[in-house]
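First up is the structure itself, then whatever we jot down about it.
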Amino acid sequence: MYKIFITRKLPEEIVQPLREKFEVIMWHSDEIPMKYEDIKKEAKDCNALWTVLSDKVDRELIESLPNLRIISNLAVGYNNIDIEAAKEKGIIVTNTPGVLTETTADLTFALLLATARRITEAEQDIRAGKWKSWTPMQLTGMDVYGSTLGIIGMGRIGEAVARRAKGFDMKVLYHNRTRKLESEQQYNFTYVELETLLKESDFVVILTPLTPETRGLIGKKELEMMKETSALINVARGGIVDEQALYDALVNKSIWAAGLDVFETEPVPLDHPLLTLPNVTVLPHIGSASIYTRLAMMQINATAIEDALEERVPENRVV
Ligand code: NAP
Ligand code: GLV
């Protein structure tokens, strides 16, 4: 019987149908994430490895699993997996694109609004008993309606964010590897070079994958190009932004605020300097976290694993 190893605790309604055909071993805890060394030890003879975005699946791990046929990642991003190593071994890798696009765009927009209007800071003030009177300039923020939005990475989620921005009468600039001519015409987006986007946007939203090319894409030089009144929103991956440079830019007031759903190290350490700044709105990587979407993502993984183990070609193959 083929063996599936799952590195997180998943809802039984998703896993049960697989149990009828395969041996399924699933991590037992929601509180304690599975460690790399434990995956290596406990997944040793598995045929399918079901991972989450924070599991490091490197060459060493891949080469230590001799019976592996498929790695199915519960995310659209797959920067946690050594794709070349999987390819060399003939191992299929699948992800969950599309189904999470609109949900992640909703969250991106929520984070943009929260950052602009200082929503979490305002709530914290009330709970801390700091609301003493209505004050004309208290907790004043940035206008979103009618502002300029710059999207770096105009893919599925980027486009879904841009469509939402139209309802706020925002001017939408974008920078991407390839031009999206059809969408430019349909939605009135404007393609610009990265430098122009950084100089002209009120909100810079990052939505590229983390790749060797995008790692550190936003550093000191890029942050210095942004307006002093602007905000940086990162819902893509922590490694795309140089966090020390971002901290410096926020402290030196060379940009006004940041909204972050992702960090270089996750969970973000409690003593991280960015957490000390009131003009940083933080979320624990919840872009796709609606009940419907997370269950739909898991269903995609489950079907891909079943297909691969039963010799059908799964959808959403990365390799
Ligand atoms: P996608 O459709 O592949 O879009 C990514 C876009 O980035 C593509 O248009 C791509 O351009 C562009 N791009 C790639 N490298 C670039 C570069 N060096 N410079 C400029 N643009 C570049 O992916 P998606 O579904 O929108 O997801 C995007 C990313 O969001 C994922 O990879 C993931 O890391 C992140 N994400 C985060 C959450 C969360 O919970 N926070 C949830 C979902 C996704 P081309 O079209 O030319 O390749
Ligand atoms: C989440 O970050 C994803 O890549 O799906």
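When the Gaussian network model of the chain links Cα atoms closer than 10 Å, the mean-square fluctuations of W27, W256, W131 top out at W131. On region 101-282, 53 percent of the accessible area sits on carbon and sulfur atoms, based on a 1.4 Å probe. Do any trypsin sites (Lys or Arg not before Pro) in region 245-319 lie in a loop, going by DSSP, with at most 15 other beta-carbon atoms within 10 Å of their beta carbon, and if so which? Those satisfying the criteria are K253, R312. Along its principal axes, the chain has C-alpha extents of 68, 49, 33 angstrom, given from the largest down.
Helix 291-309 against the longest principal axis of the chain: what's the angle in degrees, Cα atoms only, rounded to the nearest 10? Taking the Cα atoms of the chain, the angle to 291-309 is about 30 degrees. Computed from the alpha carbon atoms alone, the convex hull of region 101-282 holds 120 Å³ per residue. For the chain, modelled as a GNM whose springs connect Cα atoms under 10 angstrom apart, the maximal fluctuation among D30, D242, D307 occurs at D30.
Of the candidates H272, H175, H285, which one comes out as most mobile in a Gaussian network treatment of the chain with C-alpha springs shorter than 10 Å? Judging by the Gaussian network model, the answer is H272.
Translational diffusion of region 1-127, estimated by Stokes-Einstein from the Kirkwood radius over alpha carbon pairs at 20 °C in a medium of 1.002 mPa s, is 129 µm² per second. Taking only the C-alpha atoms of region 222-319, the Rg (one decimal) and the largest Cα-Cα distance, Dmax (whole number), read 18.5, 57 Å. Sorting the segments 146-157, 183-194 by their residues' average number of neighbouring beta-carbon atoms within 10 angstrom, most packed first, yields 146-157, 183-194. Per residue, the solvent-accessible area of the chain (1.4 Å probe, heavy atoms of protein chains only, all protein chains present) comes to 50 Å².
Could you size up the charge dipole of region 1-125 around its Cα centre, putting +1 on the beta carbon of Lys and Arg and -1 on that of Asp and Glu, and report it in debye to the nearest 20?
400 debye
The angle between the Cα long axis of helix 101-116 and the main principal axis of the chain comes to about 30°, on a 0 to 90 degree scale.
Give the residue list of GluC sites (Glu not before Pro) in region 1-75 that are DSSP loop and have at most 12 other beta-carbon atoms within 10 angstrom.
E20, E31
Adding -39500 (n - 2.57) for every DSSP H run of four residues or longer, then dividing by how many residues the chain holds, sets the calculated 222 nm ellipticity at -10000 deg cm²/dmol. Over 20 Å apart at the Cα level, from the set K44/K89; K180/K221; K180/K227; K171/K221; K35/K87; K87/K180, are K180/K221; K180/K227; K171/K221; K35/K87; K87/K180. On a C-alpha basis, how far is the centre of region 1-55 from the centre of region 248-294 in Å? Whole number, if you could? Measuring centre to centre over Cα atoms gives 29 Å.
The angle between the Cα long axis of helix 156-166 and the main principal axis of the chain comes to about 30°, on a 0 to 90 degree scale.
The values are calculated or read from the model by the stated rules, or taken from the named source; none is laboratory data. Since we're looking at a predicted model, the values are computed, not measured. Positions of Cβ are generated from backbone atoms using ideal geometry, with glycine treated the same way; all protein chains shown enter the neighbour counts. Only protein heavy atoms, including side chains, enter the accessible area calculation; ligands, DNA and RNA are left aside. Shrake-Rupley method; radii C 1.70, N 1.55, O 1.52, S 1.80 Å.
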